[in-house]
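Asker: I am attaching a structure below and will ask some questions about it afterwards.
The values are calculated or read from the model by the stated rules, or taken from the named source; none is laboratory data. If you're wondering where the values come from, they're calculated on a predicted model, not measured in any experiment. Ideal geometry is used to build each Cβ from the backbone, glycine not excepted, and the neighbour counts take in all protein chains shown.
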Amino acid sequence: MTPTADIPLKEPAISAAASDAEQLERARIDASTRLPVLMFYASAMVWLLIGTLLGVIVSFKLHQPDWLTDVGFLSWGRLQPVYINVMIYGWASMAAMGTAIWMMARLCRTTLRHPLIIVSGIWFWNIGVLIGLTGILVGYGTGYPWLEFPPYAAVVLFVAYALVMSWAVLMFRFRRGEQIYITQWYLLGAFLWFPWLYAAAQAMLFVVPIQGVMQAAVNCWYSNNLLFLWLGAIALGTAYYMIPKVIGRPVYSYHLATIGFWTYAFFSSWTGMQRLVDGPFPAWMITASIAATILTIIPVATVGLNHHMTMQGYFPVMRYSPTLRFTVFGAMSYTVFSVVGILISLRSIARYLHFTQASIAYSQIGLYAFVTMILFGSMYYIVPRLVGREWRYATLIKLHFWASAYGIGLMSLMLLVAGIAQGADQNDPSMSFIQSVSSTLPYLRGRTVAALLLTVSHFIFAFHFGLMLFGLGRTSTVPTFLNPVEAEGSEVHR
Amino acid sequence: MKGLVPLFLGVFGTFAFSWFGLTVIPNLQIGALNPQADEEGTDVYPQPPSGMAVRGREVYAANGCVYCHSQQIRPDYVSADIDRKWGERRSAPRDYLFDRPVLLGQERMGPDLSNLGKRAPGEGEKSATPPAANPPTAPPAQSPPPPNSGPQKPPPGGPPTAAQSPAASPAQAKPAPPGNAPAQPSPAPAQAAANPSPSPSASPNPNGIPPLYSAAWHHRHLYAPRSVNPDNEDSTMPAYKFLYEKHPISGERSADALELTGRDVPPPGWEVVPTYDAECLVAYLMSLDQSHPLKEVKSVAASAAAGSPPMAPAGLQTPGPPPAAPKK
């Protein structure tokens, strides 16, 4: 497409003096966020490794159910919720908060005040996750998917969240410049949505439990919105920050961004009940969610178009920038995620794929291919700016990317095909039930292979991150490119 | 975006709208139901669960049963749930009045359990009586499977790993009773014949498997899911061995000790008994019953009863009397 000469590996021309002042300001802001953000990342990384190993165990046990069955805390039924909760609250939420706080400080052009309070919040959050998963392991899981942590763990998480996010939101008060950038909308939205969402779900399920099947509805409403309004919103905001930043070009259309944000907030918050299709619920609420799911095509199209037009002509930069490569993969996965979500929500398809592995594929695409990949991308951008070193090995970054990409690709594919086979068998009453299980087994084994790939990728990344954390990165003014840049490699998009 | 206030209002508004629309309004509609009763105020359904069932529900929730088992019957025009004899009618909100937590489930790696209790062999067996107490009343589906139904589909890699998992039960390291066929479970009759019961006083069924869906069957299924039916080899259900205690027999053999076969047999002088949690879990499983008619739901089975046989305990592993020849 575009020859390398056109690739903007340099900052757009700014006068030297202004550039120096900006560099100083950014350095000051980064210094204020260094400790909390690195702590968020380090904690998230530990949870990621734990979660990954649990994921392998859980995936393996699903097709080898006689493995490790003598002790309660090693049983599949307890490790499975621990795995998913560690991934959501340990890895994704913590990495997302780290990225969000860093971007917020940069975008508000203000230093982070009281970083130590945030640091204590991080400790509380870690303790909350630890309490929660211990509760599940010893047999106090609640049985509500994605809310298995016993209610007392939720209290700790609340305290932690208040300590962290009140200061992140307060940065708005000290912001400089009138313009509120699109990323800030997503971040502010996510910061406010999560506590409301979590509080509403906790209140309706544990504090003042509501009657009967409505608990399941609240549960689905919560888990879907957690994915969209909390993790998804931060991920989209990150993509809006990273893509223009790396290629040094403003977002293509401000109006598209506005439309994308509000339709996203409006429609995706109404999804969730499609997971209860044909269940014991009023038909209108399920239909409303299916309609909302279909309408999420509007934010998908506008956000996707906006990113695409921003990237237009700059796609070759993905050859060099790790951040861009991960972020664009995640942004594209957002489209895939939504399209899969729309397809499996249609009643004619849901009658086959409901209750099958396909719904797990959907969650995995959302949690991993979309959210996690964008978070990886942001970490490749942010960590060097915090530790003052560049990533040491381009090879490791490439390995990380390809193992992750192939891992999640294989996993989604396996789960989707398993779901189709399973659903077709289950809807054929002449087949015994066990045949529907048998037909998923080959794919479930394939899923274990995918989980192993992801394990490799995460351990590579953790090792690389560890090097950075202990100051073993490269001392250089040039970022680490995935491939050697033919043009003169100079300071890029700092 | 000009200012913070419209942004904040918008963020709050979208959330509030979704919360109100998807949780509050439906809750007004179906969140305050009462049990159904007939004119005389008798025949009340649903009834509050027993204490053991309440605790059993917690055990069910805490041990992740909900990730593989649903508890909802979809209507016949969208699914095969009713054709599979999982229930006679679709589930309705009223069925779940007393459920906390509600365990509808989103996945079916195992069959639906909405009417599991209904499928139990009969009255008088609601407690964990030993299988010896009910020999001849077995329903037809628990008769020995046809000889050719043995290992229909040996899963690649399944048997070897099962055989080489020494961690499965530490006590098994001791010399096990003779006649074990660990790797390839042969059809049940052969296994039972080659496998004398550790307790001479017990006289189990000829094939050693308790009546399908009886309490004793549930215990054995929870302890060793793949032992209750040779066709069940591909079942992915984890064994809940940790809900059971293996200890030396002191004096009399416990009345509720499990009758096990194959590699699961405890060493001589030992027995496997359910813990209280396991008793509660089975009590809960056997309390699952949505068969009572509801005014708001049309019972499919009732209208189509002429042709179809009554609800048979089929569908978990074997299609009892197969309604049609399997396609595959």
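Asker: Could you please let me know if A:Gly132 is buried (at least 24 other Cβ atoms within 10 Å of the Cβ), more than 30 Å from B:Glu58 (Cα to Cα) and not polar (S, T, N, Q)?
Answerer: So A:Gly132 does not fit the description; no.
Asker: Just need a number here: residues in the stretch A:115-138 that are of a type in the set (Gly, Ala, Ser) and closer than 14 Å to A:Tyr83 by Cα.
Answerer: Counting residues in the stretch A:115-138 that are of a type in the set (Gly, Ala, Ser) and closer than 14 Å to A:Tyr83 by Cα gives 2.
Asker: Looking at (1) in contact (Cβ under 8 Å) with a residue 12 or more places away in the chain; (2) touching a helix residue (DSSP H, G or I) at 6+ places or on another chain (Cβ under 9 Å), which is the only condition A:Trp284 fails?
Answerer: Tallying (1) in contact (Cβ under 8 Å) with a residue 12 or more places away in the chain; (2) touching a helix residue (DSSP H, G or I) at 6+ places or on another chain (Cβ under 9 Å), A:Trp284 fails exactly one: (1).
Asker: If A:Leu68 satisfies all but one of (1) more than 18 Å from the chain's Cα centre (by Cα); (2) more than 30 Å from B:Glu245 (Cα to Cα); (3) hydrophobic (A, V, I, L, M, F, W, C), what's the number of the condition it fails?
Answerer: (2)
Asker: Now for a separate question. Taking A:Leu112 as the residue in question, decide whether it is part of a loop (DSSP other than H, G, I, E, B) and not small (Gly, Ala, Ser).
Answerer: Yes: the conditions hold for A:Leu112.
Asker: Looking at (1) under 26 Å from A:Pro429 (Cα atoms); (2) in a loop (DSSP other than H, G, I, E, B); (3) modelled with pLDDT of 50 or more; (4) at the interface with chain A (Cβ under 7 Å from one of its Cβ atoms), can you tell me which one B:Lys153 breaks?
Answerer: That leaves (3) as the condition not met.
Asker: When residues of the stretch B:42-100 are filtered for being part of a strand (DSSP E or B) and either at the interface with chain A (Cβ under 8 Å from one of its Cβ atoms) or among the small types (Gly, Ala, Ser) (or both), how many remain?
Answerer: 0
Asker: Give the residues of the stretch A:237-258 that are within 14 Å of chain B (Cβ to nearest Cβ) and at pLDDT 95 or above, sorted by residue number.
Answerer: A:Gly237, A:Tyr240
Asker: A follow-up question, please. Evaluate the following for A:Tyr368: is it among the hydroxyl-bearing types (Ser, Thr, Tyr) and modelled with pLDDT of 95 or more?
Answerer: In short, yes.
Asker: From the set of residues in the stretch B:235-280 that are in a loop (DSSP other than H, G, I, E, B) and within 12 Å of chain A (Cβ to nearest Cβ), which is surrounded by the most Cβ atoms within 10 Å (Cβ to Cβ)?
Answerer: B:Pro238
Asker: Could you tell me which of the residues A:Tyr368, A:Tyr320 is away from chain B (no Cβ under 11 Å), crowded, with 20+ Cβ neighbours inside 10 Å and out of contact with any helix residue (DSSP H, G or I) (no Cβ under 6 Å at 6 or more places or on another chain)?
Answerer: The unique qualifying residue is A:Tyr320.
Rundown of residues vs (1) of a type outside the set (Ser, Thr, Tyr); (2) buried (at least 17 other Cβ atoms within 10 Å of the Cβ), yes/no style:
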position	(1), (2)
B:Val5	yes, no
B:Phe8	yes, no
B:Ser18	no, yes
B:Pro46	yes, yes
B:Ser70	no, yes
B:Val78	yes, yes
B:Gly87	yes, yes
B:Arg94	yes, yes
B:Gly105	yes, yes
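Asker: Those residues that are small (Gly, Ala, Ser) and either under 26 Å from B:Pro6 (Cβ atoms) or in a loop (DSSP other than H, G, I, E, B) (or both), I need them from the stretch A:259-287; list them, please.
Answerer: A:Gly260, A:Ala265, A:Ser268, A:Ser269, A:Gly272, A:Gly279
Asker: Restricting attention to the stretch B:107-124, which residues are part of a helix (DSSP H, G or I) and either crowded, with 22+ Cβ neighbours inside 10 Å or within 9 Å of another protein chain (Cβ to nearest Cβ) (or both)?
Answerer: B:Arg119 - this is the single residue of the stretch B:107-124 that is part of a helix (DSSP H, G or I) and either crowded, with 22+ Cβ neighbours inside 10 Å or within 9 Å of another protein chain (Cβ to nearest Cβ) (or both).
Asker: Additional query: Report yes if A:Thr302 is part of a helix (DSSP H, G or I), under 22 Å from the mean Cα position of the chain (by Cα) and away from chain B (no Cβ under 14 Å), otherwise no.
Answerer: When the stated conditions are applied, A:Thr302 passes them.
Asker: Hey, another quick one. Could you list, in sequence order, all residues of the stretch A:393-447 that are β-branched (Val, Ile, Thr) and either more than 12 Å from chain B (Cβ to nearest Cβ) or within 18 Å of A:Ala358 (Cβ to Cβ) (or both)?
Answerer: A:Thr395, A:Ile397, A:Ile408, A:Val417, A:Ile420, A:Val437, A:Thr440
Asker: Among the residues of the stretch A:214-231, are any surrounded by fewer than 22 Cβ atoms within 10 Å (Cβ to Cβ), free of Cβ contacts under 8 Å to residues at least 12 places away in the same chain and more than 25 Å from A:Val328 (Cα to Cα)?
Answerer: No, that holds for no residue.
Asker: Examine the stretch A:408-415 for a residue that is buried (at least 20 other Cβ atoms within 10 Å of the Cβ) and under 16 Å from the mean Cα position of the chain (by Cα), and state whether such a residue exists.
Answerer: Yes; the residues of the stretch A:408-415 include at least one that is buried (at least 20 other Cβ atoms within 10 Å of the Cβ) and under 16 Å from the mean Cα position of the chain (by Cα).
Asker: Of all residues in the stretch A:66-80 being of a type in the set (A, V, I, L, M, F, W, C) and at pLDDT below 90, which is farthest from A:Tyr140 (Cα to Cα)?
Answerer: A:Trp67
Asker: Looking at A:Tyr264, is it over 20 Å from B:Leu103 (Cβ atoms), facing chain B (nearest Cβ under 10 Å) and surrounded by fewer than 24 Cβ atoms within 10 Å (Cβ to Cβ)?
Answerer: no
Asker: Let me ask another. Among the candidates A:Leu147, A:Leu48, which residue alone is in a loop (DSSP other than H, G, I, E, B), under 18 Å from the mean Cα position of the chain (by Cα) and buried (at least 23 other Cβ atoms within 10 Å of the Cβ)?
Answerer: After ruling out the rest, the residue left standing is A:Leu147.
Asker: Among the numbered criteria (1) modelled with pLDDT under 50; (2) in contact with a helix residue (DSSP H, G or I) (Cβ under 8 Å, 6 or more places away or on another chain), which one does B:Ala80 miss?
Answerer: (1)
Asker: Please determine whether any residue of the stretch B:9-24 is more than 7 Å from every other protein chain (Cβ to nearest Cβ), free of Cβ contacts under 8 Å to residues at least 24 places away in the same chain, closer than 25 Å to B:Lys295 by Cβ and of a type in the set (A, V, I, L, M, F, W, C).
Answerer: Within the stretch B:9-24, none of the residues are more than 7 Å from every other protein chain (Cβ to nearest Cβ), free of Cβ contacts under 8 Å to residues at least 24 places away in the same chain, closer than 25 Å to B:Lys295 by Cβ and of a type in the set (A, V, I, L, M, F, W, C).
Asker: Within the stretch A:156-206, take every residue that is within 12 Å of chain B (Cβ to nearest Cβ) and outside any helix (DSSP H, G or I) and give me the one that is farthest from the chain's Cα centre (by Cα).
Answerer: Among those residues, the one meeting the criterion is A:Glu178.
Asker: Of all the residues that make up the stretch A:428-459, how many are crowded, with 20+ Cβ neighbours inside 10 Å and under 21 Å from B:Ser79 (Cβ atoms)?
Answerer: Result for the stretch A:428-459: 10.
Asker: Follow-up question, since we're still on this one. Need pairs with beta-carbon distance below 7 Å; first residue over 21 Å from A:Trp185 (Cα atoms) and within the stretch A:303-329, second part of a loop (DSSP other than H, G, I, E, B) and among the charged types (D, E, K, R); sequence gap 6+ or separate chains.
Answerer: Qualifying pairs under 7 Å: A:Tyr314/A:Arg249.
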